[in-house]
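**Student:** Dumping the structure here so I can ask a few things about it.
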Amino acid sequence: MAFLEIGLKETIEHGSFTDNSPATFSLTDEDHTIANVVRFTLNQDPRVTFCGYSIPHPLEARVNIIVQTTGDPAREVLKDACQNLMLMCRHVRCTFDKAVEDFKASNVVKAMKIDSQDSSGDDSEESE
Amino acid sequence: MAEGAGEEKKKFSIWDLPDVPVGQLPPHLELQRSRVSCNKDAPIHTESIQYSGAYASMGIDNSSRLDRFSNNFRVEVVRLNEDDMEFDMIGIDAAIANSFRRILIAELPTMAIEKVLIANNTSIIQDEVLAHRLGLVPIRVDPRLFDYLSENDQPNEKNTVVFKLHVQCKRGSPRITVKSDALKWLPNGSELVKETRNATSDSSSKPETYTYFGCSQETIPEFVKNPIIPKYPDIIIAKLGPGQEIELEAHAVKGIGKTHAKWSPVATAWYRMLPEVVLLEDIEDDLAEELKSKCPVNVFDIEDLGKGRRRATVARPRACTLCRECIRGDDWEKRVALRRVKDHFIFTIESTGALPPEVLFTEAVKILEDKCERVITELS
């Protein structure tokens with residue numbers, strides 16, 4: 001019997017107490033899906049000098065995201081990157097919903113135009 | 001003598017040259033940054049230049065800030081049916097597009113049959129094969145109305161959907177094919193009675209079954225007019241010969257594609273980057289005819305220039321499958337360039353029927369947002 005295994009999700013930060021600009025964040029229960037996108041968003045931040053991710057073992061669902069910044073604490077930079085990503089996702093969703101609505105509306109208009117053309121054609125035939 | 005010559009050399013800045021564009025990348029670098037060049041042997045410049053300081057020495061900011069992203073991002077829907085859709089996403093990076101694709105395939109929840117309680121199976125299809133096939137049947141029900149069933153929960157009307165299958169082939173009648181429309185929905189829960197050895201149990205109380213439904217699922221407003229049925233009624237589940245019978249009950253629960261592919265809500269979801277076909281020089285007359293006939297998907301067209309001269313043009317670059325027929329042979333690589341636009345994705349989603357494809361994509365984006373939120377809360 002396979003139930004959904006909601007394992008204990010946790011994020012561990014490996015860093016130093018004195019210098020908090022480089023750090024490694026270990027996320028459990030995650031894979032390339034979130035890590036690659038976070039790495040992309042981190043790269044876009046001008047405060048980041050180096051970032052990357054690795055999966056220590058393919059059979060264990062764990063991802064290590066490493067960040068080095070120009071002085072800001074790595075934790076804050078990662079949080080900002082995730083925040084940016086959330087805003088981007090919201091924007092994607094809005095744009096997508098609007099595009100689907102426009103498409104459906106334009107299809108309805110097209111269908112109505114075809115119907116009205118057909119019916120006007122029939123009327124002219126009947127009148128003659 | 002050499003020192004004298006060295007001192008006379010003037011220092012000049014590259015920005016003083018007349019044809020260097022300021023504020024944007026020179027064309028060859030822009031090509032490298034925004035296009036994948038598909039050459040005869042292999043594509044080059046495939047990685048996306050993500051680093052914000054990549055072109056810092058030229059004074060160009062490569063970071064895509066949120067406002068720039070919001071201005072440039074566009075979605076255009078090409079085709080939208082009940083079961084599949086094709087749309088373009090322009091201005092997004094491959095990392096995000098790939099995340100959406102991965103979530104669509106593996107992390108969107110659906111309902112699929114998980115437990116099969118077999119009361120009688122005298123057919124030639126083995127129990128486990130039959131159970132496996134039942135699990136793969138797509139069910140037309142919105143998974144957002146249900147909760148997950150975990151180990152500690154009891155199966156009730158909020159997390160389980162129960163189906164019954166009872167077919168038999170009588171002796172003397174021809175063979176029958178059991179199709180998925182034979183699965184009947186039981187809105188009141190399981191009808192198979194659990195064997196309890198409890199001698200003190202009241203015979204007048206309701207016998208204990210394998211599910212504990214508090215109320216009938218028919219009373220839930222979404223299911224009043226739409227009974228829960230398999231999406232396609234003609235999926236062959238088993239075949240019975242004379243005298244064989246199958247009697248079973250199937251319980252469907254919510255799950256995600258990562259656990260088992262039966263819970264994947266899409267038949268598949270894929271994307272490709274927009275192909276760009278560029279003619280590097282004018283291709284005329286016979287060469288143009290040759291080019292047009294080479295392409296198996298008719299990307300090229302001939303236009304008349306008058307006085308009997310014809311020229312080749314690129315008519316349908318979107319249809320290009322990058323088969324590279326047009327650059328095979330001598331010298332064709334100098335005439336035709338095949339490229340892909342790195343930030344224009346043509347997404348296709350084929351749903352198995354539980355949810356319409358546009359809802360699937362919106363849910364996938366929501367799941368990515370939830371993952372980010374989880375990281376943020378754990379870091380705070």
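**Student:** Loop only per DSSP, at most 10 neighbouring Cβ atoms within 10 Å: give me the trypsin sites (Lys or Arg not before Pro) in the range B:295-366, ordered by residue number.
**Tutor:** Answer by residue number: B:Lys307.
**Student:** So what is the calculated 222 nm ellipticity per residue for the protein assembly as shown, using -39500 (n - 2.57) for each DSSP H run with n of 4 or more, over all residues, to the nearest 500 deg cm²/dmol?
**Tutor:** Result for the protein assembly as shown, helices only: -9500 deg cm²/dmol.
**Student:** Averaging over every viewing direction, what projected area does the convex hull of the Cα atoms of chain A cover, in nm²?
**Tutor:** Over every viewing direction, the Cα hull of chain A projects on average to 14.6 nm².
**Student:** Cross-link partners among aspartates and glutamates for B:Lys164, C-alpha distance below 17 Å, same-chain residues fewer than 8 apart left out?
**Tutor:** Within the straight-line cut-off, B:Lys164 pairs with B:Glu114, B:Asp127, B:Glu128, B:Asp181, B:Glu191, B:Glu218, B:Asp234, B:Glu245, B:Glu247, B:Glu249.
**Student:** With unit charges on the beta carbon (Lys/Arg positive, Asp/Glu negative), name the residue among B:Ser293, B:Val336, B:Pro317 whose Cα is farthest towards the positive pole of the charge dipole of the range B:254-363.
**Tutor:** Ranked along the dipole, the leading option is B:Pro317.
**Student:** Still on this structure, I have one more. Restricting attention to the range A:1-105, which GluC sites (Glu not before Pro) occupy a DSSP loop and are surrounded by at most 14 other Cβ atoms within 10 Å?
**Tutor:** A:Glu5, A:Glu10, A:Glu60
**Student:** For the range A:8-128, give the magnitude of the charge dipole about the Cα centre (Cβ charges: +1 Lys/Arg, -1 Asp/Glu; no others), in debye to the nearest 20.
**Tutor:** Computed about the Cα centre, the dipole is about 1000 debye.
**Student:** Here is a further query. Of A:Val38, B:Ala250, A:Ser106, which is farthest towards the positive pole of the protein assembly as shown's charge dipole, taken about the Cα centre with +1 and -1 on the beta-carbons of Lys, Arg and Asp, Glu respectively?
**Tutor:** Value: B:Ala250.
**Student:** Given DSSP loops and a limit of at most 15 other Cβ atoms within 10 Å, what is the longest stretch of chain B that contains no such GluC sites (Glu not before Pro)?
**Tutor:** Between exposed loop sites, the widest span is B:282-380.
**Student:** So how far apart, in nm, are the two label points at B:Ile229 and B:Ser57 if each is 7 Å from Cα heading toward Cβ?
**Tutor:** In this crude label model, B:Ile229 to B:Ser57 measures out at 6.8 nm.
**Student:** Could you give the angle, 0 to 90 degrees to the nearest 10, between helix B:285-294's Cα long axis and the longest principal axis of the Cα atoms of chain B?
**Tutor:** The two axes meet at around 20 degrees.
**Student:** At 0.36 nm per residue, minus the direct Cα-Cα distance, what do B:Leu322 and B:Gln154 gain on full extension? Give it in nm, one decimal, please.
**Tutor:** Gain in length upon complete extension: 55.1 nm.
**Student:** Classify the protein assembly as shown as rounded, prolate or oblate from the Cα gyration tensor: take a ≥ b ≥ c as the square roots of its eigenvalues, call it rounded if a/c is under 1.5, otherwise prolate when a/b beats b/c and oblate if not.
**Tutor:** oblate
**Student:** Sticking with this structure for a sec: For the range B:34-138, would you read off the P(r) tail past 18 Å as a percentage of all alpha carbon pairs?
**Tutor:** Across the range B:34-138, Cα pairs with separations above 18 Å total 73 percent.
**Student:** State to the nearest 20 debye the size of the charge dipole of the protein assembly as shown about its Cα centre, where the only charges are +1 on K and R beta carbons and -1 on D and E beta carbons.
**Tutor:** Roughly 960 debye for the protein assembly as shown.
**Student:** Restricting to DSSP loop positions (anything but H, G, I, E, B) with no more than 11 other Cβ atoms inside 10 Å of their own Cβ, which trypsin sites (Lys or Arg not before Pro) remain in the range B:200-295?
**Tutor:** Qualifying residues, ordered by number: B:Lys225.
**Student:** Right, something else. Treating the angle as unsigned and between 0 and 90°, give the value, to the nearest 10°, between the Cα long axis of helix B:357-379 and the longest Cα principal axis of chain B.
**Tutor:** Approximately 80 degrees, to the nearest 10.
**Student:** Skipping prolines and chain starts, which residues have an amide H placed within reach, meaning under 5 Å, of the one on B:Val78, given they are 5 or more residues away or on another chain?
**Tutor:** Hits under the 5 Å cutoff: B:Glu86, B:Phe87, B:Asp88.
**Student:** For the cross-link pairs A:Lys9/B:Lys231; A:Lys104/B:Lys366; B:Lys184/B:Lys262; B:Lys231/B:Lys371; B:Lys342/B:Lys371; B:Lys158/B:Lys194, which exceed 28 Å when the distance is taken from alpha carbon to alpha carbon?
**Tutor:** A:Lys9/B:Lys231; B:Lys231/B:Lys371
**Student:** Follow-up question, since we're still on this one. Where does helix A:32-44 land angle-wise versus the long Cα axis of chain A, in degrees 0 to 90, nearest 10?
**Tutor:** 80
**Student:** Using only the alpha-carbon atoms, what does the range B:284-380 span along each of its principal axes? Please give whole angstrom values in decreasing order.
**Tutor:** For the range B:284-380, the Cα extents along the three principal axes come out at 71, 33, 24 Å.
**Student:** Among B:Asn71, B:Ile124, B:Met85, whose Cα sits farthest toward the positive end of the charge dipole of the range B:62-152 (+1 at Cβ of Lys/Arg, -1 at Cβ of Asp/Glu, about the Cα centre)?
**Tutor:** It is B:Asn71, whose Cα lies furthest towards the positive end.
**Student:** Normalised by the residues of chain B, what does the relative contact order come to in percent, with Cα pairs under 8 Å and at least six apart?
**Tutor:** Worked out over chain B, it gives 24 percent.
**Student:** Suppose R0 equals 45 Å. What FRET efficiency, 1/(1 + (r/R0)^6) with r the Cβ-Cβ distance, do B:Val359 and B:Asn39 give to the nearest 0.05?
**Tutor:** After rounding, the FRET efficiency stands at 0.65.
**Student:** Taking a Cβ-Cβ separation under 4.7 Å as the criterion for a possible partner, which cysteines of chain B have none?
**Tutor:** B:Cys38, B:Cys169, B:Cys215, B:Cys295, B:Cys320, B:Cys323, B:Cys326
Every number in this text was worked out from the coordinates using simple rules, so none of it is lab data. This structure is a prediction, so every number in the text was calculated from the model and none was measured. Using ideal geometry, Cβ is built from the backbone for each residue, glycine included, and neighbour counts are taken over all protein chains shown.
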